[in-house]
Amino acid sequence: MTREFKGWHMLVLTVSAFAVIIAVNVVMAWQAIATFPGLEVDSSYLASQDFDADKAAQLALGWTLKPSYDQETGIVRLDFVGPDGKPVTLRDLSVLIGRPTEARDDRSPSFVQGADGAYQAREDLRPGKWMMRVVAHAADGTLFQQRLDFRVEG
C-alpha cells in the first residue's frame, strides 16, 4: 500500500528545510559576532591621513623582521635586522600574539633583548594559526609596525 503525497506533506517538507537553513545561519552569525576581536582602528579616515608618511618613514629604516617560534622551548624570537645586516636595538617593543579570528587567546608577552641582539619571550602556543602584531620604535622615535601570520604545527 502506498501513501498519497498531499499538499500538507510538501508544506512540512518545505518548512523543515527552511527551518534548518535559518537555524544554521543564526548559529553561524552568533559565532561570528561572539568571536569577533574588534576594530583595527577607531577611525579608518583618520588612520589614512598619516598612512603614507608613516609607511615612508618605516621603509626608510630599512629594517627586516624575522620571527620564529621553537615549540620545544616555547621561545618566540624576533630578529630585527638593519640595512647593514646587524641587529637593531629598539627604544620600545610591544607585541600582541593571538588567534586571527578571536580575542580569547590574545596575550602580550614581555620581550627581552638577548646577547645576540634578538628579542625573546616564552609563550606556550597551542597548534594552529596565530598572528603577531608588532609595534616598535627606533631610537629616534620612528614607528615600526607589522602584522605577521604563522602556524604552529602540532
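FYI, it's all coordinate maths here, none of it is from the lab. Fair warning: this is a prediction, and the values are worked out from it, not measured in the lab. Neighbour counts run over all protein chains shown; Cβ positions are idealised from the backbone, glycine included.
For the chain, count the residues as N, evaluate 2.2 N^0.38 Å, and divide the Cα radius of gyration by that value, please. Mind showing how you got there, number by number?
On the way: Rg = 24.6 Å, N = 154, 2.2 N^0.38 = 14.9 Å.
My calculation over the Cα atoms of the chain gives 1.65.
Which residues' amide hydrogens lie under 5 Å from the amide hydrogen of ASP106, considering only partners 5 or more residues apart or on another chain, with H built in the peptide plane?
Result for ASP106 returns ARG99.
Relative to the longest principal Cα axis of the chain, at what angle does helix 51-61 sit, 0 to 90 degrees, rounded to 10?
That helix lies at roughly 50 degrees to the long axis.
Can you tell me which of 81-92, 43-54 comes out highest on packing, and rank the rest after it, using the mean Cβ neighbours within 10 Å?
Values: 81-92: 12.9, 43-54: 10.2.
Most protected by this proxy first, the peptides run 81-92, 43-54.
Who wins for biggest fluctuation among GLN113, GLN31, GLN71 in a Gaussian network model of the chain, springs between alpha carbons below 10 Å?
Judging by the Gaussian network model, the answer is GLN31.
Pairs of Cα atoms under 8 Å, at least six residues apart: use those to get the relative contact order of the chain, whole percent.
Values: 206 pairs, mean separation 28.6, N = 154.
19 percent.
So how tilted is helix 7-34 from the main axis of the chain? Cα-based, degrees 0 to 90, rounded to 10.
That helix lies at roughly 20 degrees to the long axis.
Report, by chain and number, residues whose modeled amide H sits under 5 Å from the one on LEU90, excluding near sequence neighbours (fewer than 5 apart, same chain).
none
Give me a comma-separated list of calculated 3J(HN,Hα) values for segment 95-104, in order, Karplus coefficients 6.51, -1.76, 1.60 applied at θ = phi - 60°, integers in Hz, x for any Gly or Pro.
The phi angles translate into 10, 10, 10, x, 7, x, 9, 8, 9, 4 Hz.
Report ³J(HN,Hα) in whole Hz for each residue of segment 123-135, in order, from the Karplus equation J = 6.51 cos²θ - 1.76 cosθ + 1.60 where θ = phi - 60°; Gly and Pro get x.
Result, rounded to whole Hz: 9, 8, 9, 6, x, x, 8, 10, 10, 10, 10, 9, 10.
Mind checking which aspartates and glutamates have their C-alpha under 17 Å from LYS86, skipping anything on the same chain fewer than 8 residues away?
Leaving aside aspartates and glutamates fewer than 8 places away in the same chain, those within reach of LYS86 are ASP116.
Among 61-67, 74-80, how do they line up by average Cβ neighbours within 10 Å per residue, starting with the highest? Don't jump to the answer; show the numbers that get you there.
Numbers: 61-67: 14.4, 74-80: 18.0.
Peptide ranking by packing, descending: 74-80, 61-67.
Residue by residue through segment 83-92, what is 3J(HN,Hα) from phi via Karplus (6.51 cos²θ - 1.76 cosθ + 1.60, θ = phi - 60°)? Round to whole Hz and write x for glycine and proline.
After applying 6.51 cos²θ - 1.76 cosθ + 1.60, I find x, 8, x, 9, x, 9, 9, 9, 6, 7 Hz.
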